[in-house]
2 protein chains.
Amino acid sequence: MPPQCASHRGQPSMQVDRFGNRSQSKPEVRRAIHSVKVGVALVVISLLYLLDPLYNQVGENAMWAIMTVVVVFEFFAGATLGKGVNRAIGTILGGGLGCIVALLGDALVGGVGNAIFAATFVFVFGIAATYVRLIPRIKRRYDYGAMIFILTFNLIVVSGWRADEVIRLARERLVDIGIGLAVSVFTSVLAFPMWASDELHFSIASKFDKLASCVEGCLEEYFISVEEKENRCKANSSGCESVLNSKSNDETLANFARWEPWHGKFGIFYPWDKYLRIGDVLRELAATLASLKGCLQSPRQPMQSQRQLMKQPLEEVGSSLAWTLGELGQRFMKMEKSQPKALIPSKLQAIKEELTLVTSASKLEGSEGLA
Amino acid sequence: MPPQCASHRGQPSMQVDRFGNRSQSKPEVRRAIHSVKVGVALVVISLLYLLDPLYNQVGENAMWAIMTVVVVFEFFAGATLGKGVNRAIGTILGGGLGCIVALLGDALVGGVGNAIFAATFVFVFGIAATYVRLIPRIKRRYDYGAMIFILTFNLIVVSGWRADEVIRLARERLVDIGIGLAVSVFTSVLAFPMWASDELHFSIASKFDKLASCVEGCLEEYFISVEEKENRCKANSSGCESVLNSKSNDETLANFARWEPWHGKFGIFYPWDKYLRIGDVLRELAATLASLKGCLQSPRQPMQSQRQLMKQPLEEVGSSLAWTLGELGQRFMKMEKSQPKALIPSKLQAIKEELTLVTSASKLEGSEGLA
């Protein structure tokens, strides 16, 4: 008999087909779509250079628009929006403050004094902004904005000392960066958008399924005979492990998702924090399953005959638990309320009592049988 | 009696004092040092603009040097080096290919045809480079290099169509970026460097200690009486949790550490993969401890009298395990070989046998006593 692969539920990517979710498409396809979008945005923004009427308007500063598209256009729409907002605010603040400092320097001190004045401000603002940027809470959401602030402030202050028309310079760059931002954001959001919200939603839902497979896999592995073990399928522990190590990925996605506008079933103030909390709970469960796996693989096990005695109730618990997890995952995926709480626990409760009977009996009979 | 805080080993930061490691300094201090370094680098690079003799040499292109410093200068020396190498290679490749395409366009087609030629290359190379950039293996180490390649290639191709001296343009920018890189790398590596290697080394060593505290905390919490529980200190589970969720941080640090040159006790081809594997093993242990905590907090517990029976051997196991973990952590921190394996296991083995006796006895006597 060929070994039965632990999950009859199939791979996560197959399950998603059932839900008809966009996250079903393969990574390669999504990567290709994103690449073509970037290519289109680059060509569109290059027209500022390539078409004479446009070039006459913006001139050499078109460089800033191209730079903005290359740097801001990220895979997820939320990441692009977040970087875009950061870049806009960083540029406006840095440019504004830079102009003030440059004009002040011009008015108060002149000549060499002006250079010292500019250097002092570059030093002080550089230190302050870098320090703020490293504070974890700021770093998480505004790191890029702080960097752009430092860059713009520095460029305007030092070049303002040379260029007489510092305000015109700042305004022109701001306009070009605005054009670049507009092209990035529109291409990112309007054509085949990759929503981080969808990805996070799918990622949490698939965790339920991975854990369900893990529960089934643990029990199956425990009860198959030694000769079958050699051929057994090992897919499950990797699923459990991927859930265990998913925290930072979830947090990154939630961070992007917060920037995303209303779309699909996701509102503007969608409770992404709750997603993170569900992820935490599922990771706790994954930790328990990982250590259960360790216990079941330890050499101190009841004899084969006792194992067979526990087999039926344990398998019932396992499949009931896996079913519950799968059901929760599906409801979560479809954003539906779960069935009344009572249903699932009563089923599990009955099996738990049955199991308590079996284990107390086997303990009394066979505690000497522990190897 | 005031509640005894679970770890008499103290906070990780205190333990590090004992080792005299540089990671002992507080995050705020390190942030401040880094900020001052960035400020100095910014002033140094701004001199290209502010000092007449230098400005006459580099001109407006000094902008690229400033930009390079702002973007490349990261907290860890390894991150700065990695970004610097990426930026250098991306600029050289993108600039080289861009020059070839611009010159080809000039030679083969002219006028409007040239614009279409340039746009086609921008589109094709943009798509290809973006696709490659998203492949996880490339993304991990060369994401920034690929982005700089796209940016430089694009700028050279489209501005090369306007500027007659495309090669001079490319060479000048390359020199300026080189100056920016040199300033960043020297400031980052030579003055109070923050090594990602040290941080990773410390992070792994402190995991041993966190887990040791967690073991002690679990047992202590289990055996204190209910009234004491209200005042108990909860520091330990957070330590265990931080170990559980440390994978992506460890991987990032290892990634930076690979770029760092020989320093301290770390050679050039230092086995950072082994650090990651030790981290994985410690995370497995953390998962087991997390679920042990769950078991101990469940309502199905033996009665108080039975608990007291197990108290002494369990506490011995716990403190022996915690001692072993602490010892391993210290040896690891000091990069010393551990004592012969036999010592620790034999001590644990003896306690394990004692414990088996107690638990089998209590099972036989008291299995009805389970609540």
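The values are calculated or read from the model by the stated rules, or taken from the named source; none is laboratory data. Keep in mind it's a predicted model, so treat the numbers as computed, not measured. We place every Cβ from the backbone using ideal geometry, glycine too, and count neighbours over all the protein chains shown.
Looking only at residues of the range B:110-155 that are crowded, with 19+ Cβ neighbours inside 10 Å and β-branched (Val, Ile, Thr), we find that the one that is farthest from B:MET67 (Cα to Cα) is B:ILE127. The set of residues from the range A:69-86 being β-branched (Val, Ile, Thr) and either in contact with a His (Cβ under 7 Å, 6 or more places away or on another chain) or more than 10 Å from every other protein chain (Cβ to nearest Cβ) (or both) comprises A:VAL72, A:THR80, A:VAL85.
Yes or no, residue by residue, for (1) touching a residue at least 24 places away in the same chain (Cβ under 8 Å); (2) more than 27 Å from B:ARG31 (Cβ to Cβ); (3) buried (at least 21 other Cβ atoms within 10 Å of the Cβ):
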| site | (1), (2), (3) |
| --- | --- |
| A:LEU51 | no, yes, no |
| A:ASN61 | yes, yes, no |
| A:VAL69 | yes, yes, yes |
| A:GLY78 | yes, yes, yes |
| A:LEU81 | yes, yes, yes |
| A:ARG87 | yes, no, yes |
| A:ALA102 | yes, yes, yes |
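Would you confirm whether or not the range A:173-184 contains a residue that is free of Cβ contacts under 8 Å to residues at least 12 places away in the same chain and within 27 Å of the chain's Cα centre (by Cα)?
Looking through the range A:173-184, at least one residue is free of Cβ contacts under 8 Å to residues at least 12 places away in the same chain and within 27 Å of the chain's Cα centre (by Cα).
Take B:ALA146 and tell me if it is in a helix (DSSP H, G or I) and within 9 Å of chain A (Cβ to nearest Cβ). Considered against the rule, which asks whether it is in a helix (DSSP H, G or I) and within 9 Å of chain A (Cβ to nearest Cβ), B:ALA146 comes out as no. Residues considered: A:ARG331, A:ARG277, A:ARG300. Of these, the only one that is modelled with pLDDT of 75 or more and within 14 Å of chain B (Cβ to nearest Cβ) is A:ARG277.
Checking each residue in the range A:179-206 for being of a type outside the set (Gly, Ala, Ser), part of a helix (DSSP H, G or I) and under 20 Å from A:ARG30 (Cβ atoms) picks out A:VAL185, A:PHE186, A:THR187, A:VAL189, A:LEU190, A:ASP198, A:GLU199, A:LEU200, A:HIS201, A:PHE202, A:ILE204.
In this structure, is A:GLU199 of a type outside the set (A, V, I, L, M), crowded, with 18+ Cβ neighbours inside 10 Å, in contact (Cβ under 8 Å) with a residue 12 or more places away in the chain and within 30 Å of A:GLN304 (Cα to Cα)?
It is false that A:GLU199 is of a type outside the set (A, V, I, L, M), crowded, with 18+ Cβ neighbours inside 10 Å, in contact (Cβ under 8 Å) with a residue 12 or more places away in the chain and within 30 Å of A:GLN304 (Cα to Cα).
Scan the range B:123-137 and tell me whether some residue there is part of a helix (DSSP H, G or I) and over 30 Å from B:ARG258 (Cβ atoms). Looking for residues that are part of a helix (DSSP H, G or I) and over 30 Å from B:ARG258 (Cβ atoms), one finds at least one in the range B:123-137, hence yes. Taken over the range A:114-141, residues that are touching a helix residue (DSSP H, G or I) at 6+ places or on another chain (Cβ under 8 Å) and more than 8 Å from chain B (Cβ to nearest Cβ) amount to 11.
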